[in-house]
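Engineer: Here it is, the structure in full.
Just so it is clear, none of the values below were taken in a lab; they were calculated from the coordinates. Please read these numbers as outputs of a predicted model, since none were measured by experiment. No Cβ is skipped: glycine too gets one built from the backbone with ideal geometry, and neighbour counts run over all protein chains shown.
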Ligand SMILES: Cc1ncc(COP(=O)(O)O)c(C=O)c1O
């Protein structure tokens, strides 16, 4: 079988031998009774890492985000977020389906939304005929913007605004680890500005399944109820929690290697006249580029014929994501293929 260089997403990683070993040997119990020692250990470890009172293991990033939004809001409320935020674009309308809330959208730059954009959208408390603004959501790193880092200074200003209007803040930190490694700001410092945080273990960190949500104990107690109510109460979950714990303990620092690899590909691509790459947006493990004179489908087909799997980033945009299952040799081979496709 042909071995592809798989740059579609950092979700395609497979558990390493060492990770599989800890999974095999994990101590387990019934987590619906809160008796799974490995899940409990993972939750305590993650809460400490994120500087929160409590944390909860959930199967997916989507479920993590949506449980948090559910806990923070009531039906009819509104949450402000960026126009291409994952919670708006790629979560199957779950804010409406699960929580009966609506989203108020802002066009961001590199995924960043600022207090001067947010403030005019906050509904006046006296306007009983309008939805209630309840929370502001931020995505860091921002997927559709190309894995861009949301600056901590701006997050601080948004928090000040949220406090002024008594609003909650939720962080979709599916790739918060990448933001932290790229910026040097700790995940704890980022998380400190938010009431709820959702982080993924199954993306760049290489675990097969799982996300963590974190916040005050009262919020996580409620999240535990919501997780059960929507079918997310798992039993001997330590088998996968062990992989998550291994990922947190071993695979954060190495993300800088993924960032370097994305940068190598971006620099190579930027040499071609029929490719547009915004180098300023290449900050972590993703890279978006616009082919000129070729459709995205055509590029994806040609790349696939030569051995690279890639994805679509947005309209007219090709997306590459580097991860722990792409070696330096494969990056070199990918560069040769790109030369063939764009210069050949
Ligand atoms: C920014 C962001 N948030 C949330 C998710 C959802 O994660 P999951 O696929 O585990 O539901 C993703 C998935 O790619 C994502 O990129």
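Engineer: For segment 60-86, list residues with backbone N below 13 Å from a point placed 7 Å from the Cα of residue 121 toward its Cβ?
Structural biologist: 78-86
Engineer: Hey, another quick one. If you take all C-alpha pairs in segment 254-343, what percent of them are over 18 Å apart?
Structural biologist: Working: 1473 of 4005 pairs.
Cα-Cα pairs in segment 254-343 separated by more than 18 Å: 37 percent.
Engineer: Additional query: Sort 315-324, 132-141, 299-308 for me by packing, meaning the mean count of neighbouring Cβ atoms within 10 Å per residue, highest on top.
Structural biologist: Ranking the peptides 315-324, 132-141, 299-308 by packing returns 132-141, 315-324, 299-308.
Engineer: I want to verify a result. In a Gaussian network model of the chain, Cα cutoff 10 Å, which of these has the top mean-square fluctuation: 295, 180, 211?
Structural biologist: Per the Cα network of the chain with a 10 Å cutoff, 295 tops the list.
Engineer: While we're here: Give me the distance in nm between label points sitting 7 Å out from Cα along the Cα-to-Cβ direction at residue 160 and residue 253, one decimal.
Structural biologist: Placing both labels 7 Å beyond Cα along the Cβ direction yields 3.6 nm.
Engineer: What percent do you get for the relative contact order of the chain when only Cα pairs under 8 Å and 6+ apart count?
Structural biologist: Values: 708 pairs, mean separation 88.1, N = 344.
It comes to 26 percent, rounded to a whole number.
Engineer: Another one. Could you rank the peptides 44-52, 183-191 by their average count of other C-beta atoms within 10 Å per residue, with the highest value first?
Structural biologist: On the way: 44-52: 19.1, 183-191: 17.6.
Descending mean neighbour count gives 44-52, 183-191.
Engineer: Nearest 5 is fine: what % of DSSP beta bridges in the chain come out antiparallel, could you say?
Structural biologist: Percentage antiparallel, nearest 5: 50.
Engineer: With the convex hull built on the Cα atoms of the chain, state its orientation-averaged projected area in nm².
Structural biologist: 17.8
Engineer: Compute the distance in nm between two label points, each set 7 Å from the Cα along the Cα-to-Cβ direction, one at residue 188 and one at residue 90.
Structural biologist: Label at residue 188, label at residue 90, 3.0 nm between them.
Engineer: Something else now. How much FRET efficiency would the formula 1/(1 + (r/R0)^6) give for residue 11 and residue 129, where r is the Cβ-Cβ distance and R0 is 30 Å, rounded to 0.05?
Structural biologist: 0.10
Engineer: Follow-up question, since we're still on this one. Sorted from largest down, what three extents in whole angstroms do the Cα atoms of segment 44-123 have along their principal axes?
Structural biologist: Extents along the principal axes: 39, 26, 23 Å.
Engineer: How many percent of DSSP beta bridges within segment 128-199 run antiparallel, rounded to 5?
Structural biologist: 10
Engineer: Next question. Relative contact order of segment 254-343: what whole-number percent is it, with Cα pairs under 8 angstrom and at least 6 residues apart?
Structural biologist: It rounds to 32 percent for segment 254-343.
Engineer: Something else now. Highest mean first, what order results for 24-36, 147-159, 226-238 on Cβ atoms within 10 Å?
Structural biologist: 147-159, 226-238, 24-36
Engineer: Per the helix-only calculation at 222 nm, which mean residue ellipticity applies to the chain, given -39500 (n - 2.57) for every DSSP H run of n ≥ 4 and division by its residues, nearest 500 deg cm²/dmol?
Structural biologist: Numbers: 14 runs with 142 residues, N = 344.
So the helix-based figure for the chain works out to -12000 deg cm²/dmol.
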